[in-house]
Protein chains: 2
Amino acid sequence: MPLIVQKYGGTSVGSAERIQAVAAKVQQSRDAGHQVVVVVSAMSGETDRLLGLAHAIQVQPSPRELDVLLATGEQVTIALLAMALEAAGCPARSYTGAQVQVRTDNAHNKARITDIDGARVQADLDAGRVVIVAGFQGIDEDGNITTLGRGGSDTSAVAMAAALKADECQIYTDVDGVYTTDPRIEPKARRLPRITFEEMLEMASLGSKVLQIRAVEFAGKYHVPLRVLSSFQAGEGTLITFEEDDVEEAKIAGIAFAKDEAKLTILGVPDQPGVAYKILGPISEGNIEVDMIVQNIAPDAQTTDFTFTVHRNDYAKALSLLQETAEALSAREVHGDEHIVKVSLVGVGMRSHAGIASRMFEALAREGINIRMISTSEIKISVVIDEKYLELGVRALHDAFDLAQSS
Amino acid sequence: MPLIVQKYGGTSVGSAERIQAVAAKVQQSRDAGHQVVVVVSAMSGETDRLLGLAHAIQVQPSPRELDVLLATGEQVTIALLAMALEAAGCPARSYTGAQVQVRTDNAHNKARITDIDGARVQADLDAGRVVIVAGFQGIDEDGNITTLGRGGSDTSAVAMAAALKADECQIYTDVDGVYTTDPRIEPKARRLPRITFEEMLEMASLGSKVLQIRAVEFAGKYHVPLRVLSSFQAGEGTLITFEEDDVEEAKIAGIAFAKDEAKLTILGVPDQPGVAYKILGPISEGNIEVDMIVQNIAPDAQTTDFTFTVHRNDYAKALSLLQETAEALSAREVHGDEHIVKVSLVGVGMRSHAGIASRMFEALAREGINIRMISTSEIKISVVIDEKYLELGVRALHDAFDLAQSS
């Protein structure tokens, strides 16, 4: 009997009615002959309510105690969903992360799952029950409650699917699949019936918030077939596959973008070994994550220019750190720009097809869009452009690569 | 170093401010040189909120899942109290019932504690931390979450005190101790500095809702010194002692009453062996609890009259069951009265002092109060009287036994 793990997010379980709707979906799968494990998030709004309580008491709540508090959110949902299933005549049993031994490291508020014991869940499935597991939470080796951080329920579902060797892990969300790009920007964007794990990883890391990136990594590592579907409409969603041959012939899967970027440049740094470390060391010590990095040697060959991007929230702090560094290194000057975005073309087809990059640059040039930075990987080309060109650039690329047509 | 277990109920932890006030009280005890374990209830209103969610989904929620749901209430409080203590510079750690292995039977919604492993808590205490434990909850031997039923947090605190061999278990509540009777009825009622366990048990079972009766039984069984205090005002409260000699010389500790009683009588039952069982069997099969029972032989000595009391909520059901029984037994008739109350005099002094009963009956007679039923135990005399005489009767007895004066 095929075993399916389904994950429903906070919006999907946001009220008694929605929980009953989820119960109906779960029963459909069961009636179709599947064993079903359901992983759920806290009801939408609940985590914020709990955070509000915590912040009324402590500005920076103790991470351990915050996890004890937040873990109650999912525990409420599992009980309610079990009741909804039983009310509909479907035997069900709910478990907290601790009860099914979702083991994590002890990094409170952002723990990583190390192990799950599927035996208890399997026993319930074999007894004909639907099993409901609280997402987002686990226990460390001392039995302390941990949480995986926001969105961690996706990872919980994938880890559970891996532990049970499930046939599919279905992530129900408020979109009906992965699109060639954000339909709010390009109305011609098309749902992809399939996408490879590598492409999905790139899309996710670039701001396509359909799936938590750690969940995709986990699924890739343990070869869990993953499907993204809508909680609210019927449809096949998007299957994330391991087999590139399965994927349609398109060279390009889609266009991702990251809006909240900022760019910093340090110019005329006397070139010497270790200069990159001297520039980025203080940034990373300031807990700022750096995304793209580009280094050029200046025409005089004595100095170097160095550019990198950070999240826009970190811009002011990064700029002030960089100015200190510039003084220490006797650099000529520091520039910054917080009105830039990153647009990326993603596709495993890129590997075997030359000319993708030039076609991308040409499409942007035709619209008069200046490229500020370029960075490439095996299956992705990213460019930094001025913020005002975001929509124009995305649409131009969507057209240039014929993404509206199923190829 | 003396070890104190403190229990704070829902009203005491009903808001962020109140939780901070509890933290301050806990710190005072710690500063006074005590090791402190705190047992807390859900914030007031929280259990009803959760029940509302459950009932929106299932009219009669599954008992197992209801426990999973309700247990989140205390889990929220433990985390918030730990934060409040840490914010005030006091090291603290919170635990759910499951985490400190509060073992219960598997009677969901009304489980009984069978065992607590105090090792983990003791280790934290020895490391200088305040330990906060979720009341009202535990796990059965299969690791399912159980709850003890409303008010069960008192029992959790006493059981924890027993497991840790605590020097005292302090129950903080919204009254400042045990009174000679309800001050809302007799303004001259006086707080008792001490009371024996037996007296406390009788007072509790008779509607003095200061402490959950099971908690008192548990404390008696494991010889845990128990003290009732107010969360909101300073004071010594009432200490519940094992030593009768400790108790002040008064013959009578206090006057308890139960308002919501009803009385049923079956008259002219042909007397035969087993008649009591034939009358009460159907009542108890109907899940109705019977309180007082009185049986008389009628003057003809051929038939018997049989009277018992039940909770007023069960009156209609009990009456209809009794009418069926009357027909089956060919009894003459059935009477019922749902406007009666039970008033009881409680005191260990009764054992060694004759004349208490007659003094009680005299005091009531002087006010023209008719006694409908009488039942006695070693340390208690209960009478059933008409509902309208409740206040008058309580005050008459309070006066007759000089309870307003500390004797």
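The values are calculated or read from the model by the stated rules, or taken from the named source; none is laboratory data. If you're wondering where the values come from, they're calculated on a predicted model, not measured in any experiment. Because the Cβ atoms are built from the backbone with ideal geometry, glycine has one as well, and the counts that use them run over all protein chains shown. With ligands, DNA and RNA removed, areas are computed over all heavy atoms of the protein, side chains included. Shrake-Rupley method; radii C 1.70, N 1.55, O 1.52, S 1.80 Å.
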Percent of alpha-carbon pairs separated by more than 20 Å within region B:3-173: 46 percent
So how far, in whole Å, is the C-alpha centre of region B:127-159 from the one of region A:182-239? 43 Å
Please report the projected area of region A:255-400's Cα convex hull averaged over all directions, in nm². 9.4 nm²
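Looking at this model, which pairs from B:K278/B:K342; A:K188/A:K221; B:K317/B:K342; B:K110/B:K317; A:K7/B:K7 are more than 27 angstrom apart at the alpha-carbon? Present the calculation step by step, with values, prior to reporting the outcome.
Values: B:K278/B:K342 25 Å; A:K188/A:K221 33 Å; B:K317/B:K342 20 Å; B:K110/B:K317 23 Å; A:K7/B:K7 39 Å.
Where the Cα-Cα span goes over 27 Å, the pairs concerned are A:K188/A:K221; A:K7/B:K7.
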What is the distance in Å between the Cα centroid of region A:60-113 and that of region B:73-91? 20 Å
Could you state the accessible area per residue of region B:3-173 in Å², with a 1.4 Å probe and every protein chain left in place? 32 Å²
Calculate the dipole size of the protein assembly as shown relative to its Cα centre from +1 charges on Lys and Arg beta carbons and -1 charges on Asp and Glu beta carbons; express the result in debye to the nearest 20. 560 debye
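What is the dipole size for region A:255-400, taken about its Cα centre, with +1 at each Lys and Arg Cβ and -1 at each Asp and Glu Cβ, in debye to the nearest 20? Present the calculation step by step, with values, prior to reporting the outcome.
On the way: 14 positive and 21 negative charges, 92 e Å.
It comes to approximately 440 debye.
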What value, in deg cm²/dmol to 500, does the helix sum -39500 (n - 2.57) over DSSP H runs of n ≥ 4 give at 222 nm once divided by the residues of chain A? -10500 deg cm²/dmol
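With a length cut of 24 Å (Cα positions projected on each helix's long axis) and a Kyte-Doolittle mean of at least 0.0, go through chain B and give me the DSSP H helices that pass. If you can, show how the numbers build up before the last one.
On the way: long enough: B:63-87 (37 Å, 0.85).
Within chain B the helices that satisfy the rule are B:63-87.
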Please list, ordered by chain and number, the residues whose modelled amide H lies under 5 Å from the amide H of A:V38; skip anything fewer than 5 residues away on the same chain. A:Q6, A:V131, A:I132, A:V133
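Over its Cα atoms, what ratio of radius of gyration to 2.2 N^0.38 Å does the protein assembly as shown give?
On the way: Rg = 35.2 Å, N = 814, 2.2 N^0.38 = 28.1 Å.
My calculation over the Cα atoms of the protein assembly as shown gives 1.25.
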Would you mind listing the distances between the A:L51 label point and the same position in each other copy? Use 7 Å along Cα-to-C-beta, nm, one decimal, shortest first. 3.2
Can you give me the distance in nm between label points at A:D31 and B:I293, each placed 7 Å from the Cα along the Cα-to-Cβ direction? 5.2 nm
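Using the reciprocal of the averaged 1/r over all distinct C-alpha pairs, how large is the Kirkwood radius of region A:84-180 in Å? Present the calculation step by step, with values, prior to reporting the outcome.
On the way: mean 1/r = 0.0703 Å⁻¹.
One over the average 1/r among Cα pairs gives 14.2 Å for region A:84-180.
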Can you compute the modelled spin-label distance between B:R184 and A:A234, with each label point 7 Å from Cα toward Cβ, in nm? 5.8 nm
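How big is the convex hull of the Cα atoms of region B:138-200, per residue, in Å³? Present the calculation step by step, with values, prior to reporting the outcome.
On the way: hull volume 8.1 nm³, N = 63.
Taking the convex hull of the Cα positions in region B:138-200, it is 129 Å³ per residue.
Using C-alpha positions alone, give me the convex hull volume of chain B per residue in cubic angstrom.
Working: hull volume 65.4 nm³, N = 407.
Hull volume normalised by residue count: 161 Å³.
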Note every residue of region B:32-79 with a reduction of at least 40 square angstrom in accessible area, all protein chains present versus the isolated chain, computed with a 1.4 Å probe, or write none. B:R49, B:L53, B:I57, B:Q58, B:R64, B:E65, B:V68, B:L69, B:T72, B:Q75, B:V76
Label 7 Å beyond Cα on the Cβ vector: B:D115 copy-to-copy distances, nm: 2.4
Any chance you could run the full-extension gain for A:N313 through A:N106? It's 0.36 nm times the residue separation minus the Cα-Cα distance, nm to one decimal. 71.8 nm
Two-site FRET efficiency, A:S352 against A:I374, from Cβ-Cβ distance with R₀ of 22 Å, rounded to 0.05: 0.60
Taking the Cα centre of each part, how many Å lie between region B:263-281 and region B:334-380? 24 Å
Cut-off under 5 Å, modelled amide H: who pairs with B:H108 long-range: none
With +1 on the Cβ of every Lys and Arg and -1 on the Cβ of every Asp and Glu, the dipole magnitude of chain B about its Cα centre, in debye rounded to the nearest 20, is 640 debye
Copy-to-copy label separations for A:E333, where each label sits 7 Å from Cα toward Cβ, in nm and ascending: 11.1
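If Rh is defined by the Kirkwood formula over all Cα pairs and Rg also comes from Cα, what ratio Rg/Rh do you get for region B:346-407? Working shown, then result.
On the way: Rg = 11.5 Å, Rh = 12.2 Å.
Taking Rh as the inverse mean 1/r over Cα pairs, Rg/Rh reads 0.95.
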Got a sec? What order do A:R395, B:R30 fall in by accessible area at 1.4 Å, biggest, i.e. largest, first? A:R395, B:R30
If you rotate chain B onto chain A, whose Cβ in B ends up lying nearest the axis, and how many Å away is it? B:T72, 2
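Could you please state how large a percent of the accessible area of the protein assembly as shown is carbon and sulfur, counting protein chains only and using a 1.4 Å probe?
On the way: 16000 of 33950 Å².
Percent of accessible area from carbon and sulfur atoms in the protein assembly as shown: 47.
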